[in-house]
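One structure is given here, and the rest of the page talks about it.
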Protein chains: 2
Amino acid sequence: MAATENMRDGDGVQFFEGVEKLLEIWFTNGDGGSKSADLRKIPRNKLESLLKIVRCEIISFVKNDQIDAYVLSESSMFISKRRFILKTCGTTTPLLCLQPLLLLAEQYGGFTKVEDLFYSRKNYKRPELQIMPHQHFDQEVALLDTLFPDGAAYCLGAVNKDCWYLYTLNPIPKKTILPDIGNAPCDEADQTLEILMTDLDPEIMSIFTKEECLNATEATKKSGIDKIIPNMVIDDFLFEPCGYSMNGVTKNGCYMTIHITPEPDFSYVSFETNIPSSSYREIIQKVLDTFNPGKFTVTIFANQASPTKDTSKELLLLNHIGKWQRRDIQLCNFKNYDLIYTFYCRFPS
Amino acid sequence: MAATENMRDGDGVQFFEGVEKLLEIWFTNGDGGSKSADLRKIPRNKLESLLKIVRCEIISFVKNDQIDAYVLSESSMFISKRRFILKTCGTTTPLLCLQPLLLLAEQYGGFTKVEDLFYSRKNYKRPELQIMPHQHFDQEVALLDTLFPDGAAYCLGAVNKDCWYLYTLNPIPKKTILPDIGNAPCDEADQTLEILMTDLDPEIMSIFTKEECLNATEATKKSGIDKIIPNMVIDDFLFEPCGYSMNGVTKNGCYMTIHITPEPDFSYVSFETNIPSSSYREIIQKVLDTFNPGKFTVTIFANQASPTKDTSKELLLLNHIGKWQRRDIQLCNFKNYDLIYTFYCRFPS
């Protein structure tokens, strides 16, 4: 997406890095905090200044009682009461906005504490084109480590092939009597499904160009994106000359977001949602049918209160999904969340 | 161990890197190969030349019908019919012997093909003291990638804290009708349990010095190492002035091996065995009781034919083992093996 920001490398070949950097932060005040605390109290002009640091801007916006959803020149931003999500592709620099964001969250949002943090991304296609500190995961970790003493950095998948990096908080729990039954319960259900696709079907990708579609609405319908998760209010954008972004939100505050870099030489599509489900198999299948990727990762985070918490068992058994064969599967068990990472490739034809 | 090889860094402070590089290779001839192929046909002088490249030497040797077990100046080597294991600590360079080893395996052993390969190690305490290509995992992977087109590199655990690196082969399986039931069956049971410990109990560590024990036999008995897995033929060595290595072998070709760097500033103990068991809980507990580490990793590889294959379920439930709390748990599902990685820390006292 965001073809207007296309870069040229030294050889004059056009390239755009579709791979996003995804930052999700949960704020809290602890027990004694103000009930009126809300990240959506941060003024629009402050958000715009924040995004300048990240090197992107707001291009569209929808909201309801539960969530503010922004389409950005590079991907998306979702703000709800205590959760901030920033997903940006290209050569954006989201980690540089962390400190100002924590200040805004306190000054306007009324939140004094980061409860949980997730910074993740797939390996870039062209890391050397990124801007500090985003060229290497080690650089990103070094910056995050200066802000979070309890940060833990992971690399899932094959580090010399396709992989996915994650930085999260993994504080030492207090010494209490711990039952031998896995994670502590958490009352607020939360889950995230993300599917990151590369080597996509060129015919499908051509939908997401101004040559083939007049506008985003047409691209959304023609591709079937509107049918992946029905009953979403959709805010979509078709870039000039190509590239596509969409946010969908439900009344109860769930979201989905899709970003498409359609160029054949570096095609990339990301799909993300936090809609709860006891099985993601149908959504995964719909996404694959919609985009027909050559390779893709599936990551699922789910906490103990989530109906999604047993999805990993389902994925463990799926050594292939239709024509896609699983190459990697890894499970991680964090303080509040279980994570499953899987990587699939199309069978050689 | 191998205190005779202690190094001094720029500040004149003594240091020894106990963390081993572990190389395990399974050879095969395919279906049409010679039944007389055997890695133990490689002459001793050829093995000695090979170990010169690695920067270590043989200091003791026991054998039976199933396995040749060598204690090295830096850790151990085990050679059986088609499996080669080389585990070396300090500043050894085992990856530099790979190409000559493959030649010897063909010329003398009669094996033309690598069926499976595992190269693994914990993160070093002092990576900057290592010799190329062992300073960074990236270097190690680059070398391995030149030899194995199907190699996949993984980092388990927190890359900015304690972690464990693995390189293995992950070829694309041929397109066949695949049932949705996980891995393909394999007829030869195989499993490996490894426990890598740091921050060990100084009183226990003092056993492994010439000051406290006259010889290895005394250290083995006094520490209780001989009771961890009974009925092993033990070949042990106590280094001057401190450090300890032991190999144990059973009649049917199973092994265990323990290596100890006792110095308080950089204490490290590794335990490894391939003894089959439907539960490793008792062995893990005995190892922890014997050495009392501050932190440790447990890794278990098991193939589908192994009685150990369900051990991961057992470990998933163990969010603490006595006074040690689990900080990380990751599962990987490879072509022939399942792997579980766990990392535990002692509760803050």
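List of remarks:
Conditions tested, residue by residue: (1) among the small types (Gly, Ala, Ser); (2) buried (at least 19 other Cβ atoms within 10 Å of the Cβ); (3) not in a helix (DSSP H, G or I).
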residue: B:Glu48; (1), (2), (3): no, no, no
residue: B:Tyr119; (1), (2), (3): no, yes, yes
residue: B:Asp145; (1), (2), (3): no, no, no
residue: B:Ala152; (1), (2), (3): yes, yes, yes
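- The set of residues in the stretch B:71-86 being open to solvent by less than 10 Å² (accessible area, probe 1.4 Å), in contact (Cβ under 8 Å) with a residue 40 or more places away in the chain and in a strand (DSSP E or B) consists of B:Val71, B:Leu72, B:Ser75, B:Ser76, B:Phe78, B:Ile79, B:Phe84, B:Ile85, B:Leu86.
- Hey, A:Leu104 within 17 Å of A:Asp116 (Cβ to Cβ) and surrounded by 19 or more Cβ atoms within 10 Å (Cβ to Cβ) or not: no
Table: residues versus (1) within 14 Å of chain B (Cβ to nearest Cβ); (2) within 26 Å of A:Asp226 (Cα to Cα); (3) surrounded by fewer than 22 Cβ atoms within 10 Å (Cβ to Cβ).
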| site | (1), (2), (3) |
| --- | --- |
| A:Lys286 | no, yes, yes |
| A:Phe296 | no, yes, no |
| A:Leu317 | yes, no, yes |
| A:Arg326 | yes, no, yes |
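- Of the criteria (1) touching a strand residue (DSSP E or B) at 6+ places or on another chain (Cβ under 6 Å); (2) modelled with pLDDT of 95 or more, which one A:Asn170 fails: (2)
- Output for the stretch A:133-149, where each listed residue is in contact (Cβ under 8 Å) with a residue 12 or more places away in the chain and more than 10 Å from chain B (Cβ to nearest Cβ): A:Pro133, A:His134, A:Glu140, A:Leu143, A:Leu147, A:Phe148
Here is a yes/no grid of residues against (1) open to solvent by 10 Å² or more (accessible area, probe 1.4 Å); (2) in a loop (DSSP other than H, G, I, E, B); (3) at positive phi:
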position: A:Phe237; (1), (2), (3): yes, no, no
position: A:Thr257; (1), (2), (3): no, no, no
position: A:Glu272; (1), (2), (3): no, no, no
position: A:Phe301; (1), (2), (3): yes, no, no
position: A:Lys309; (1), (2), (3): yes, yes, no
position: A:Glu314; (1), (2), (3): yes, no, no
position: A:Ile329; (1), (2), (3): no, no, no
position: A:Cys332; (1), (2), (3): no, no, no
position: A:Tyr341; (1), (2), (3): no, no, no
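The values are calculated or read from the model by the stated rules, or taken from the named source; none is laboratory data. In this text, all values refer to a predicted model and were calculated from it rather than measured experimentally. Heads up, the Cβs are rebuilt from the backbone with ideal geometry, glycines too, and the neighbour counts pull from every protein chain shown. Please note that ligands, DNA and RNA were not included when accessible areas were found on the heavy atoms of the full protein model with its side chains. Shrake-Rupley method; radii C 1.70, N 1.55, O 1.52, S 1.80 Å.
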